[in-house]
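Read through the structure below, which is laid out as structure tokens, and then see the notes.
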Amino acid sequence: MTAPIAISTTSFHRAFERFRELVSSYDKGQPFTNFHEGVAAVWEEYKPRLRARAREILAAEKWTEAEVGAGNILDRVIASIEIQDQNSNLTNNLVFWQNRYGHANRDHRALLEARASPGARKEFERLFFGLYRGDDDGATFDRTMPSATPANCTATKRARERQPYVSHLTGMTARKSLGLKQSLQS
């Protein structure tokens, strides 16, 4: 996995000030206060709907351990990333998934490639099953990812690099704090 990105406090404050100026210029001079009101709310309102739609597509509460390796779980994960629904005006722009600049540039390329590899498909599905239905997210990830495929496999390397993007969209690593496990059990 790649190292965390460090950002200086000065750089952060500079960027935040630029963001505040941008919001104010689009919001008739009104200052930015939070993401729940003003133009920032309009810009960001799709994100909770996107997350809800992704979780609906995943339908993790219906997964069974017997399905691991069959491809159904992986297909649902991929579909939860590739959201582009014109009827509800909802498109996932949080992950670069569209094939505009070639397959190699897609953030979820490792998942797409795993469809054709029974071993990688099973390991990814075991990972997702463990994260959504298991009891220990950290142990699931640590146990599964290093052995997903041979060390020189592009799909595994890419998955390690891109895992934060998938986590961000689906909320995998924050499952317990978001109450996903409790909502799946009720």
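The values are calculated or read from the model by the stated rules, or taken from the named source; none is laboratory data. Predicted, not measured: the structure shown is a model, and the values here were computed from it. Positions of Cβ are backbone-derived with ideal geometry, glycine not excepted, and every protein chain shown enters the neighbour counts.
Report yes if some residue within region 21-28 is out of contact with any helix residue (DSSP H, G or I) (no Cβ under 8 Å at 6 or more places or on another chain), hydrophobic (A, V, I, L, M, F, W, C) and loosely packed, with under 13 Cβ neighbours inside 10 Å; otherwise report no. No, because not a single residue in region 21-28 is out of contact with any helix residue (DSSP H, G or I) (no Cβ under 8 Å at 6 or more places or on another chain), hydrophobic (A, V, I, L, M, F, W, C) and loosely packed, with under 13 Cβ neighbours inside 10 Å. Scanning region 108-131 for residues being surrounded by 20 or more Cβ atoms within 10 Å (Cβ to Cβ), touching a residue at least 24 places away in the same chain (Cβ under 8 Å) and either among the hydrophobic types (A, V, I, L, M, F, W, C) or outside any helix (DSSP H, G or I) (or both) gives a total of 9.
The residues listed here are Val77, Val39, Val95; of these, the one that is outside any helix (DSSP H, G or I) and surrounded by 14 or more Cβ atoms within 10 Å (Cβ to Cβ) is Val95.
Total residues in region 97-107 satisfying the condition of being closer than 23 Å to Tyr46 by Cα and without any contact (Cβ under 8 Å) to a residue 40 or more places away in the chain: the figure is 5.
Among the residues here, Glu82 qualifies as surrounded by 14 or more Cβ atoms within 10 Å (Cβ to Cβ), among the acidic types (Asp, Glu) and either without any contact (Cβ under 8 Å) to a residue 60 or more places away in the chain or farther than 30 Å from Glu125 by Cβ (or both). Has region 133-150 got at least one residue that is modelled with pLDDT of 85 or more and on the phi < 0 side of the Ramachandran plot? Checked region 133-150: at least one residue is modelled with pLDDT of 85 or more and on the phi < 0 side of the Ramachandran plot.
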